[in-house]
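Notes follow once the structure below has been shown.
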Amino acid sequence: MTKPTNAFAQKRFDALEAVLRAIEEAPAAEDDWDEIIAKARGLMAGYHARWANSGWNATAVGVTFHLPIINPATGRRSRTFTWAGRYGGLVERRGKRFLLVFKTVGEPIEEPDSPFWQRMAVDWQSSTYCLSQLQQDRPIDGILYDVLRRPAIRPRAIPKGSSGRSDRENVGTLMEIGRQGTYFGRPLDRPQRETALDGDHRETPDLYAIRVEADTRRRPDWYFQRRIVRRGRRQLAHDEAELWQTATEIRLARHGTSHWRNSASCHKHNRPCLFLPICSGNDTPRSSRWKPVTAIHPELGDALGDTDQRRVLTHSRMQCFKLCRRKHYYRYELAVAPVDRPPNRTLSLALVLHRALAVWWARQGKGNTATWRSPCSVRN
Ligand code: SF4
């Protein structure tokens with residue numbers, strides 16, 4: 001990174017430094033962790049270049065809520081469940097307040113009428129976040145979606161380049177490293193140069209991160225989009241009714257033990273469901289391959305205190321119920337998980353990026369840093 005020359009540049013420099021530090025400090029989860037971290041570093045460096053001057057102020061980052069579920073027809077609260085969630089934060093610009101939602105995706109996001117943005121227009125998860133603000137008498141003006149597209153490029157063998165070509169044509173080659181001491185224009189120190197030139201000529205994590213960043217600078221709109229989506233009162237009323245109805249159906253399924261299977265969900269996202277061995281009769285939750293889980297909403301950290309987590313609904317839990325009642329039963333009611341859970345690369349990258357985004361946005365507050373909100377408790 002180039003050293004800053006004034007206070008404003010220093011603030012920007014500090015924000016990126018903090019983001020890269022947060023990425024490096026993320027707890028390692030997988031064998032190819034170096035590649036995931038390098039991808040996140042390259043992507044966030046490009047993100048910073050894209051949005052450093054965007055003019056948004058964050059008033060809260062990492063907002064967690066825990067609220068009663070209200071029957072919209074009677075105004076009564078559920079005696080069985082409460083609901084909870086966590087979202088990116090709250091931001092403002094020109095006197096208007098918006099809910100901040102992070103998304104990391106693997107599909108096109110450039111066109112406003114792409115399937116992704118059409119889905120966001122009806123995204124129930126974000127609607128519930130808006131409802132949580134309304135329930136606390138804090139209406140908002142819309143949702144700011146901050147979307148990053150995952151890089152499709154992987155570490156590669158560095159092309160040789162050619163002495164007959166110009167420096168510009170040799171960008172991203174061994175020839176550039178040997179002649180200029182740079183990779184995609186970014187200066188390399190001596191160990192980085194020597195490793196690249198003397199080794200097997202494959203990109204190290206550092207060089208891969210540089211190429212990811214270079215790619216984001218070449219086509220920022222492919223990687224980064226922000227759009228405001230608004231929710232009307234009518235839609236929110238509809239979504240509130242859906243929240244109540246879903247809670248009712250989960251309660252009835254619990255009492256009626258109607259945990260129906262949905263075999264159409266057994267192989268979603270090109271992965272077999274974790275509970276397939278049990279459902280197919282090849283295993284049982286009582287075997288040594290399964291363990292009880294106490295924190296069934298790990299995404300909420302310790303925000304729920306000593307609340308019985310089986311009595312708390314989150315968006316993930318309600319989606320799980322809609323997808324397959326049996327899966328919901330194993331995961332949230334019986335609360336078991338495989339002893340050896342296979343890693344999920346996509347999820348790991350998303351978690352690292354969301355952590356980095358929270359750090360970045362915390363430095364977009366007025367003054368310098370936004371508040372890290374403590375969780376709301378259930379209101380009586
Ligand atoms: S829990 Fe549902 S989705 Fe999972 S294997 Fe069983 S039927 Fe399929």
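The values are calculated or read from the model by the stated rules, or taken from the named source; none is laboratory data. Here the structure is a predicted model, which means the values were calculated and not measured. Here the Cβ is made from the backbone with ideal geometry for all residues, glycine too, and neighbour counts use every protein chain on show.
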Next on the checklist: Can you list the helices (runs of 4 or more DSSP H) lying wholly within the stretch 210-293 that have 2 or more residues being away from the ligand (no atom under 15 Å from the Cβ)?
Outcome noted: 220-223, 233-256
Checklist outcome for this item: (1) among the polar types (S, T, N, Q); (2) in a loop (DSSP other than H, G, I, E, B); (3) under 15 Å from Arg331 (Cβ atoms) all hold for Thr307 apart from (3)
Checklist entry - What are the residues in the stretch 126-167 that are in contact with a His (Cβ under 8 Å, 6 or more places away or on another chain) and among the β-branched types (Val, Ile, Thr), if any? => result Thr128, Ile158
Checklist entry - If you take the residues of the stretch 204-221 that are touching a residue at least 40 places away in the same chain (Cβ under 8 Å) and among the charged types (D, E, K, R), which of them is farthest from Pro155 (Cα to Cα)? => result Asp221
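Quick one: in the stretch 310-324, of everything that is basic (Lys, Arg) and surrounded by fewer than 18 Cβ atoms within 10 Å (Cβ to Cβ), which residue is nearest to the ligand (Cβ to nearest atom)?
Looking only at the stretch 310-324, we keep the residues that are basic (Lys, Arg), and these are 310-311, 317, 322.
From what's left, surrounded by fewer than 18 Cβ atoms within 10 Å (Cβ to Cβ): 310-311, 322.
Working: Arg310: 18, Arg311: 22, Lys322: 12 Å.
For the stretch 310-324, the residue satisfying everything is Lys322.
Could you list, in sequence order, the residues of the stretch 294-307 that are within 16 Å of the ligand (Cβ to nearest atom) and more than 21 Å from the chain's Cα centre (by Cα)?
So the first thing to find is which residues in the stretch 294-307 are within 16 Å of the ligand (Cβ to nearest atom), and the list is 296.
None; the set is empty.
Being under 17 Å from the mean Cα position of the chain (by Cα) and more than 17 Å from Arg149 (Cα to Cα) narrows it down to one of Gly75, Gly42, Gly89, so name that one.
On inspection, the qualifying residue turns out to be Gly89.
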Checklist entry - Among (1) at pLDDT 95 or above; (2) among the polar types (S, T, N, Q); (3) away from the ligand (no atom under 16 Å from the Cβ), which single condition is Gln192 missing? => result (1)
